[in-house]
Ligand SMILES: C[S@@+](CC[C@H](N)C(=O)[O-])C[C@H]1O[C@@H](n2cnc3c(N)ncnc32)[C@H](O)[C@@H]1O
């Protein structure tokens with residue numbers, strides 16, 4: 001029995017979480033220790049959220065082995081790309097058309113990817129920290145229009161719809177699969193709530209016809225590293241956000257993944273891009289690679305996650 005298992009208060013976990021963890025370990029024994037540690041670390045509140053998410057997936061007709069497979073798709077793809085990155089010093093791909101058909105426009109892969117990514121929001125310390133930062137900084141009493149770019153699995157958009165007072169919500173995502181997943185997730189979690197206008201459109205954000213200074217909140221999680229010209233996304237966000245809008249952006253530094261095509265090599269480089277786009281950092285969260293300090297992560301070119309609340313200059 002590992003140290004983590006001895007420390008694991010099994011009765012804290014729900015049956016579905018235990019089954020999920022057991023299936024992950026059965027499919028990928030090397031990942032068992034990481035999973036055990038993750039389940040020791042997460043709070044009772046996060047356990048309830050993870051259990052509810054698994055419950056949502058099961059009610060949709062998915063099963064635990066499929067969810068474990070989705071989660072492990074991200075684990076193994078990320079590991080493979082890390083090896084490539086450490087050897088070559090760059091991401092494997094640099095153009096959107098090199099990855100789009102295999103990822104965003106491949107429904108089977110995209111479903112694996114998005115269910116897996118949603119599950120990492122509860123289990124990977126950096127993803128969990130960024131989600132908590134979002135919950136902490138999301139204004140709960142502000143009104144107006146909320147926009148989310150690249151809603152993916154939909155968990156952030158659903159959270160905003162459930163916990164904020166914004167009056168209307170718009171999600172835009174380039175992938176039909178993400179759009180369908182976001183719609184389903186929101187419909188499920190919001191079913192007992194008074195309906196607010198909420199729309200999810202399949203669009204390239206840069207091609208979307210959105211009026212200037214029209215949004216009170218703009219959220220874009222994990223998109224900048226997926227596009228060829230991230231500065232265009234930031235400038236466009238600046239244009240469509242109202243003065244004083246809540247702007248929440250996350251991205252990553254030296255963090256390879258199958259579809260990461262824009263390499264940020266330092267936090268400074270990212271902050272310079274924000275500044276050149278007319279955006280100032282109001283609050284930030286920097287998450288070094290798990291088990292390493294920021295200095296070690298920078299020196300060893302290990303993945304760093306960054307979440308920022310930005311304001312228009
Ligand atoms: C890695 S997922 C992020 C999901 C979620 N926001 C999160 O933080 O976990 C990136 C999402 O951005 C979408 N995306 C990529 N390029 C886009 C673009 N040009 N316009 C809109 N969405 C885009 C992808 O289809 C995918 O759903």
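The values are calculated or read from the model by the stated rules, or taken from the named source; none is laboratory data. The structure presented is a predicted model; accordingly, all values stated were derived computationally and were not measured. When we count neighbours, we look across all protein chains shown, and the Cβ atoms used for this are built from the backbone with ideal geometry, even at glycine.
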Segment 86-100, subset part of a loop (DSSP other than H, G, I, E, B) and more than 13 Å from residue 303 (Cβ to Cβ), residue farthest from the chain's Cα centre (by Cα): 89
Evaluation of residue 264 against (1) closer than 21 Å to residue 90 by Cα; (2) more than 16 Å from the ligand (Cβ to nearest atom); (3) without any contact (Cβ under 8 Å) to a residue 60 or more places away in the chain (one fails), failing number: (2)
Members of segment 288-298 found to be in a helix (DSSP H, G or I) and surrounded by 15 or more Cβ atoms within 10 Å (Cβ to Cβ), listed by number: 297, 298
Only listed residue being out of contact with any strand residue (DSSP E or B) (no Cβ under 9 Å at 6 or more places or on another chain) and buried (at least 20 other Cβ atoms within 10 Å of the Cβ), chosen from 185, 162: 185
Qualifying residue in segment 64-85 (condition: within 16 Å of the ligand (Cβ to nearest atom) and either more than 21 Å from the chain's Cα centre (by Cα) or assigned to a loop (DSSP other than H, G, I, E, B) (or both)): no
Selected residue (only one of 234, 310, 210, 285 is in a helix (DSSP H, G or I) and either at pLDDT below 95 or within 27 Å of residue 166 (Cβ to Cβ) (or both)): 234
Residue check, residue 219 closer than 15 Å to residue 144 by Cβ and within 14 Å of the ligand (Cβ to nearest atom): yes
Matching entry among 206, 234 (being near the ligand (Cβ under 9 Å from one of its atoms) and without any contact (Cβ under 8 Å) to a residue 60 or more places away in the chain): 206
Any hit, segment 125-142, residues being within 12 Å of the ligand (Cβ to nearest atom), surrounded by fewer than 16 Cβ atoms within 10 Å (Cβ to Cβ) and within 29 Å of residue 23 (Cβ to Cβ): no
Some residue of segment 147-156 being within 11 Å of the ligand (Cβ to nearest atom), closer than 14 Å to residue 305 by Cβ and either touching a strand residue (DSSP E or B) at 6+ places or on another chain (Cβ under 7 Å) or in contact (Cβ under 8 Å) with a residue 60 or more places away in the chain (or both): no
